[in-house]
1. When you check ILE102 against the structure, is it farther than 13 Å from GLN11 by Cα, in contact with a Phe, Trp or Tyr (Cβ under 6 Å, 6 or more places away or on another chain), modelled with pLDDT of 95 or more and surrounded by 14 or more Cβ atoms within 10 Å (Cβ to Cβ), yes or no?
2. Considering only region 1-14, state which residues are out of contact with any Lys or Arg (no Cβ under 9 Å at 6 or more places or on another chain) and buried (at least 16 other Cβ atoms within 10 Å of the Cβ).
3. Hey, among the residues in region 99-130 that are assigned to a strand (DSSP E or B) and within 11 Å of the chain's Cα centre (by Cα), which one's farthest from TRP175 (Cα to Cα)?
4. Looking only at region 136-181, filter to residues that are of a type in the set (Gly, Ala, Ser) and assigned to a helix (DSSP H, G or I); which one of those is nearest to ASN30 (Cα to Cα)?
5. With hydrophobic (A, V, I, L, M, F, W, C), part of a strand (DSSP E or B), surrounded by fewer than 14 Cβ atoms within 10 Å (Cβ to Cβ) and modelled with pLDDT of 95 or more as the only criterion, which of VAL79, VAL48 stands out?
6. Evaluate the following for THR89: is it in a helix (DSSP H, G or I) and of a type outside the set (D, E, K, R)?
7. In region 19-40, which residues are of a type in the set (A, V, I, L, M, F, W, C) and surrounded by 14 or more Cβ atoms within 10 Å (Cβ to Cβ)?
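The values are calculated or read from the model by the stated rules, or taken from the named source; none is laboratory data. Since the model is a prediction, treat every value here as computed from it, not as a measurement. Neighbour counts are summed over all protein chains in view; Cβ atoms, including those assigned to glycine, are modelled from backbone coordinates with ideal geometry.
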Amino acid sequence: MKRALIVIDVQMEYFTGLMPVTYPVGSFENILAAMDGATAAGMPVIAVQHSAPKESPVFAKDSPGWQLHPEIARRKAVVIEKTLPGSFTGTELENMLRRDRIDTVVIAGYMTQMCCDTTSRQALHLGFGVEFLADATGTLAQKNYAGEVDAKTLHNAVLTVQASRFAKVMPASDWLSGIKK
């Protein structure tokens, strides 16, 4: 098994903008630990950065909320930019992984139910194995015309669905222990 860690959208919007991640507590620290562990194991780390048009209220390219969190930016990672929820759509991600003979992707980052979930499903459809780090992904409560759901329920529902078919779901600590062997 040859893995790559994909760290999705850990951008300032989720720390200082309109969409603060609230669940699970400690997800950011677990993302950093996963990045450090992957780097120590010689595993490729890919940081995905979401970009929206300049007029967008969130993730407008080059805005403060668009910036990668400084702790992500200072770590060794290849950065790719995306404009849709799936990290494979309109990017070079698949080509990079195939070139490096990666057969398994590891999902970390934000938002559990949107970009992490979509990227995981895309990876499976493209023939990659998927590992989904339960406490190194995160979300916030959602409310719109269709209804509302609290962050914990939303996060756990996505993890349950991911584990039913799409990915091996595990805590970051278990994953880190496994890559050290």
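1. Values: farther than 13 Å from GLN11 by Cα: yes; in contact with a Phe, Trp or Tyr (Cβ under 6 Å, 6 or more places away or on another chain): no; modelled with pLDDT of 95 or more: yes; surrounded by 14 or more Cβ atoms within 10 Å (Cβ to Cβ): yes.
No, not satisfied.
2. Within region 1-14, the first condition is being out of contact with any Lys or Arg (no Cβ under 9 Å at 6 or more places or on another chain), and the residues that meet it are 1, 3-6, 10-14.
Hits for region 1-14 are ARG3, ALA4, LEU5, ILE6, VAL10, GLN11, MET12, GLU13, TYR14.
3. Step one: of region 99-130, the residues assigned to a strand (DSSP E or B) are 104-110, 129-130.
Filter again for within 11 Å of the chain's Cα centre (by Cα), leaving 105-110.
On the way: VAL105: 12, VAL106: 9, ILE107: 11, ALA108: 11, GLY109: 15, TYR110: 18 Å.
Among those residues, the one meeting the criterion is TYR110.
4. From region 136-181, those of a type in the set (Gly, Ala, Ser) are 136, 138, 141, 146-147, 151, 157, 163-164, 167, 172-173, 177-178; that's our starting set.
Then drop every residue that is not assigned to a helix (DSSP H, G or I), which leaves 151, 157, 163-164, 172-173, 177-178.
Working: ALA151: 18, ALA157: 20, ALA163: 19, SER164: 23, ALA172: 6, SER173: 8, SER177: 13, GLY178: 15 Å.
Checking each candidate, the answer is ALA172.
5. Details: VAL48 fails: surrounded by fewer than 14 Cβ atoms within 10 Å (Cβ to Cβ).
Of the residues listed, the single one that is hydrophobic (A, V, I, L, M, F, W, C), part of a strand (DSSP E or B), surrounded by fewer than 14 Cβ atoms within 10 Å (Cβ to Cβ) and modelled with pLDDT of 95 or more is VAL79.
6. Details: in a helix (DSSP H, G or I): no; of a type outside the set (D, E, K, R): yes.
Spelling it out, it is not the case that THR89 is in a helix (DSSP H, G or I) and of a type outside the set (D, E, K, R).
7. Going through region 19-40, the residues of a type in the set (A, V, I, L, M, F, W, C) turn out to be 19, 21, 25, 28, 31-35, 38, 40.
Answer for region 19-40, where residues must be of a type in the set (A, V, I, L, M, F, W, C) and surrounded by 14 or more Cβ atoms within 10 Å (Cβ to Cβ): MET19, VAL21, PHE28, ILE31, LEU32, ALA33, ALA34, MET35, ALA38.
The rows are residues; the columns are (1) under 24 Å from ARG99 (Cβ atoms); (2) out of contact with any Cys (no Cβ under 6 Å at 6 or more places or on another chain); (3) modelled with pLDDT of 95 or more; (4) in a loop (DSSP other than H, G, I, E, B).
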| position | (1), (2), (3), (4) |
| --- | --- |
| MET1 | yes, yes, no, yes |
| LEU5 | yes, yes, yes, no |
| PHE28 | no, yes, yes, no |
| ALA33 | no, yes, yes, no |
| ASP36 | no, yes, yes, no |
| GLY42 | yes, yes, yes, yes |
